[in-house]
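J.: Dropping a structure here in structure tokens format, bear with me for questions.
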């Protein structure tokens, strides 16, 4: 499966009902994610994934089914970094991040297709953001 096909299958999408059909929105989104993923890879950007301090209990009301009686689970955070430039000695830095990523109870990003979607979404913004 090529990157476009991957994102067409796994990523969400939006569309303007005045000018697009839902499938046109899906195609536009999949192409944008595939392009951002490629540009980030070619540009030497990289991602880190860590457990977040933010727990699912922040959005699950007490005693609702999904909260298992308010037994929260861990969420994740992902940060996109610009690589250090060895030629100019310029330091890389964080260019985009997302916190509170809910992969479900006992979920983890490794092997989950959503990991790749999150990284490509971060790339859309991170490719144009200066390092922090």
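J.: In nm, what is the difference between 0.36 nm times the number of residues separating residue 112 and residue 74 and their Cα-Cα distance?
T.: Extra length available between residue 112 and residue 74 comes to 12.1 nm.
J.: A further question follows. Label-point separation (nm) for residue 50 and residue 16, each offset 7 Å from Cα along Cα-to-Cβ?
T.: 4.0 nm
J.: Return the distance in nm (one decimal) between the two label points of a simple spin-label model at residue 2 and residue 99, each offset 7 Å from Cα along Cα→Cβ.
T.: Distance between the two pseudo-spin positions: 3.9 nm.
J.: I would also like to ask the following. Could you give the length gained by full extension between residue 9 and residue 41, i.e. 0.36 nm per residue of separation minus their alpha carbon distance, to one decimal place?
T.: Roughly 9.4 nm would be gained on extension.
J.: Compare the peptides 39-49, 12-22 by average per-residue count of other Cβ atoms within 10 angstrom and give them in order, highest first.
T.: 39-49, 12-22
Since every read-out is calculated from the coordinates, none of them should be taken as a lab result. What you see is a predicted model, and the numbers here were worked out from it, not measured in a lab. Backbone-built Cβ (ideal geometry, glycine too); neighbour counts: all protein chains shown.
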